[in-house]
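Heads up, the thing below is written out as structure tokens.
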Amino acid sequence: MSPTETSTRRRFPRLCSSAFEHPADRQALEALRKIPGLDKLIRKMLELGAEKIMRVELLGGAVHITPKQCPRVYKLFKEACEILDVHEPDLFLASNPIVNAYTFGVERPFIVLQSGLVDLLDDEELMAVLGHELGHVKAGHVLYRSLALIMIQLVHMVVPIQGIAAIALKIALFDWYRKSEMTADRAELLVAQDVNICLNVHMKLASGSKTVFAQMSCHEFLKQADSYEEMDYSTLNKVYKLLKEVFRTHPIPVYRAKEIKLWSETKAFKEIMAGRYPTSEAEVNLRACPHCQSKIAPSFFFCPDCGKNVRI
């Protein structure tokens, strides 16, 4: 998409993050939110320390993307914000060949694109990744991802944990990190509004190559995801996969591709695209799904969690 093109992508005014939150992510977040006082404590620690330090480093050593600085990228960013109805965070471009993007900050969240990522993706794919990062902001992940890391440090400083207990805590935190990525991937699809763009992103992230991308196939990549799942026939393979995934912050690329493909085919996704989704005003009037008891907005025809008809 060129900077002069007029986008026809659908906007989702007053969109509530519950519309696209992955059920597993939602459950994990609820557990974190029940820890009394930690929100305010971690927010203050970030405000006085890490957030300010990182902002100083970025303002001094990265490029702040604005309407007059990297206007093409800013245009993509602005549209992604409008689609998800998110207030624009600061956006920076940092020199780093590693293909990555991340979001940080509480009072003033900011998104950082690393140069390796920008060089690898085309405009539509980059906009999808911006939607992914904005999904973290929309869903309240920024605070809790920071909270999870600082919790480990606090536990070690206040009540030192050794051995199996420390490993168990890390496993639980990494598990939530991966679940939060599934929610952000759904926000990515809502911004891209074309599942093939999302699949292309995950293929490029998996391969790291722009040169041979024209030879790649989304269909074959999804078949690869099936092959990965079929390896579970062996207990030893399951152990290998567990060891490979347990301390990852992101799910396996082929799994992410298959998961977003499946969600794109659900009635829940189609409901959102049709303009029927929970808003911030409707959130206080959520009702229980008659099948799985998940909380859903009154406007939903189908439950986002179980996919069954709730108008019965």
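What follows draws every value from the coordinates through simple rules; no lab data is involved. All values reported here derive from a predicted model rather than from experimental measurement. So basically every Cβ, Gly included, is an ideal-geometry build from the backbone, and we count neighbours across all protein chains shown.
Ordering of 131-137, 237-243 by packing is 131-137, 237-243, highest average first (other Cβ atoms within 10 Å, averaged per residue). Among 96-107, 15-26, sorting by the average number of other beta carbon atoms lying within 10 angstrom of each residue, highest first, gives 15-26, 96-107. Gain on full extension, evaluated as 0.36 nm per residue between Glu245 and Leu262 minus their Cα-Cα distance, stands at 4.0 nm. Annotation for Glu220 and Arg276: the two label points, set 7 Å from Cα along the Cα-Cβ direction, are 4.0 nm apart.
Here the spin labels are modelled as points 7 Å beyond Cα on the Cα-Cβ line, and at Lys210 and Glu230 they lie 3.5 nm apart. Normalised radius of gyration (Cα atoms, divided by 2.2 N^0.38 Å) for the stretch 190-294: 1.37.
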